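Visitor: After the structure tokens below, expect a handful of questions from me.
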Amino acid sequence: MPLNLPTDEYQNTANKGKLYVVATPIGNKDDITLRALTILGEVDLIAAEDTRNIGKLLAAHKIKNRLISYHEHNETKRTPGLISKLKKGLSIALVSDAGTPSVSDPGYRLINEAIAENIRIIPVPGVSAAITALSVAGLATDSFVFIGFTAKKKEKRKKQLKGLAHENKTIIFYESPRRILTFLNEIIETMGDRHAVLAREMTKRYEEFIRGLLSEIKNNLKKRSSIKGELTLLIAGNGSSATVSMDAVRTDIVKCLKGEETRLSDLARILSKKHNLPKNIIYDEALKIKGEI
């Protein structure tokens, strides 16, 4: 039997085009592979989350090609047309604003439709914000959980966080500058004041990594007149020795409040040392519990 016979997966794709899933830089325009540049120059069409962004990247590398917008607001409408082009033999490159398409970015729908139509899908790997941040975080890298952006609605978001409270692996989130302070508060309330790293503007001019307890990162940000840039937040898993269990903290607070008369300031000072938590977190939690019992 000849060794070069097509596999079952590709035997019906001879007359169809190929869908390339191409990773692009998350900041620095030079963080792109030679293969990606070749593909972007050779395909029949580039489906981009934002044609202006990819247009600048192409211009920087002296590439000219046809562009079509493909983002979360038009992917349902655009997908059938792109599939039709692929079935006619055209090749398409799918790119997002930054990083790897379909990872917290548009592309999932197109990729699944292409699979259903037996269209060959070819990954062109490159940068991912999650992996980039993890590589320099100093947190456990042997296993991790990527969450990306959490739910927009507060109650649904807090439910997600509670479900992750006992996760032992490093947890990776994406978050917006507008919501980051609220998000940090929610994590501390539901998961404890863990060691974490906030990566901001990676590979760009103002790249920054803020390391420490979540409360320390929050206080660092609160001192700023504004918070800007793309944010990736990594927090230690529940199995880390740096993790603080808020359930244990609350149990101790209740015991203190039900025992001998203790001023909240003294309670906060004592439990702060025991649990290695900032006094203000203990105090606020004690104030809340005192109003409930």
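The values are calculated or read from the model by the stated rules, or taken from the named source; none is laboratory data. Because the structure is a prediction, the values reported are computed rather than measured. Cβ coordinates were reconstructed from backbone atoms using ideal geometry, including for glycine residues, and neighbour counts include every protein chain displayed.
Visitor: Among residues belonging to the range 15-51 that are assigned to a helix (DSSP H, G or I) and not small (Gly, Ala, Ser), point out the one that is nearest to Thr79 (Cα to Cα). Reasoning before the result, please.
Guide: The initial filter retains those residues of the range 15-51 that are assigned to a helix (DSSP H, G or I), namely 34-42, 51.
Subsequent filtering for residues that are not small (Gly, Ala, Ser) retains 34-35, 37-40, 42, 51.
Details: Leu34: 28, Arg35: 25, Leu37: 24, Thr38: 24, Ile39: 21, Leu40: 19, Glu42: 21, Thr51: 16 Å.
Per the criteria, the residue is Thr51.
Visitor: Of the conditions (1) assigned by TED's automatic domain parsing to the domain that holds Asp142; (2) in a helix (DSSP H, G or I); (3) of a type in the set (S, T, N, Q), Thr251 fails just one. Which one is it?
Guide: Answer for Thr251: the failing condition is (1).
Visitor: Moving on to the next point. Which residue pairs have Cβ atoms under 6 Å apart, sit 6 or more places apart or on different chains, and have a first residue in the range 106-135 that is polar (S, T, N, Q) and buried (at least 17 other Cβ atoms within 10 Å of the Cβ) and a second that is modelled with pLDDT under 95 and not in a loop (DSSP other than H, G, I, E, B)?
Guide: So the pair list comes out as Ser128/Gly99.
Visitor: Now a separate question. Tally up the residues in the range 52-84 that are over 27 Å from Asn118 (Cα atoms) and either in a helix (DSSP H, G or I) or not assigned by TED's automatic domain parsing to the domain that holds Arg109 (or both), please.
Guide: First, the residues of the range 52-84 that are over 27 Å from Asn118 (Cα atoms): 52-64.
Still in the running and either in a helix (DSSP H, G or I) or not assigned by TED's automatic domain parsing to the domain that holds Arg109 (or both): 52-60.
The qualifying residues number 9.
Visitor: Further question on the same structure: Among the residues that make up the range 137-144, is at least one of them exposed (fewer than 15 other Cβ atoms within 10 Å of the Cβ), of a type in the set (Ser, Thr, Tyr), at pLDDT below 95 and in the same structural domain as Arg78 (by TED's automatic domain parsing)?
Guide: No.
Visitor: Sticking with this structure for a sec: How about the range 30-72: which of its residues are among the polar types (S, T, N, Q) and either touching a strand residue (DSSP E or B) at 6+ places or on another chain (Cβ under 6 Å) or in contact (Cβ under 8 Å) with a residue 60 or more places away in the chain (or both)?
Guide: Within the range 30-72, Thr33, Thr51, Asn65 qualify.
Visitor: What is the number of the single condition among (1) at pLDDT 90 or above; (2) loosely packed, with under 15 Cβ neighbours inside 10 Å; (3) of a type outside the set (Gly, Ala, Ser) that Lys273 does not meet?
Guide: All conditions are met except number (1).
Condition check ((1) among the small types (Gly, Ala, Ser); (2) farther than 30 Å from Ile92 by Cβ; (3) outside any strand (DSSP E or B)) across all residues:
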{"residue": "Pro123", "(1), (2), (3)": "no, no, no"}
{"residue": "Val127", "(1), (2), (3)": "no, no, yes"}
{"residue": "Ser135", "(1), (2), (3)": "yes, yes, yes"}
{"residue": "Lys159", "(1), (2), (3)": "no, yes, yes"}
{"residue": "Gly163", "(1), (2), (3)": "yes, yes, yes"}
{"residue": "His166", "(1), (2), (3)": "no, yes, yes"}
{"residue": "Arg178", "(1), (2), (3)": "no, yes, yes"}
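Visitor: Could you please give the count of residues in the range 85-104 that are at pLDDT 95 or above, among the aliphatic types (A, V, I, L, M) and part of a loop (DSSP other than H, G, I, E, B)? Outline the logic, then answer.
Guide: Restricting attention to the range 85-104, the residues satisfying the condition of being at pLDDT 95 or above are 85-95.
After this cut, where a residue has to be among the aliphatic types (A, V, I, L, M) as well, the list is 86, 90, 92-95.
This time we only want the ones that are part of a loop (DSSP other than H, G, I, E, B), so: 90.
Matching residues across the range 85-104 total 1.
Visitor: What do you reckon, is Ser104 at positive phi and in contact with a Gly (Cβ under 6 Å, 6 or more places away or on another chain)? Break it down into steps so the answer makes sense when it comes.
Guide: Working: at positive phi: yes; in contact with a Gly (Cβ under 6 Å, 6 or more places away or on another chain): yes.
Yes, satisfied.
Visitor: I've got another one for you. Please state which one of Asn53, Asn65 is surrounded by 15 or more Cβ atoms within 10 Å (Cβ to Cβ) and at pLDDT below 95.
Guide: On the way: Asn65 fails: at pLDDT below 95.
On inspection, the qualifying residue turns out to be Asn53.
Let's see how each residue does on (1) closer than 24 Å to Ala165 by Cβ; (2) modelled with pLDDT under 90:
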position	(1), (2)
Glu207	no, no
Leu214	yes, no
Leu221	yes, no
Arg224	no, no
Gly229	no, no
Ile235	yes, no
Ser240	yes, yes
Ile281	yes, yes
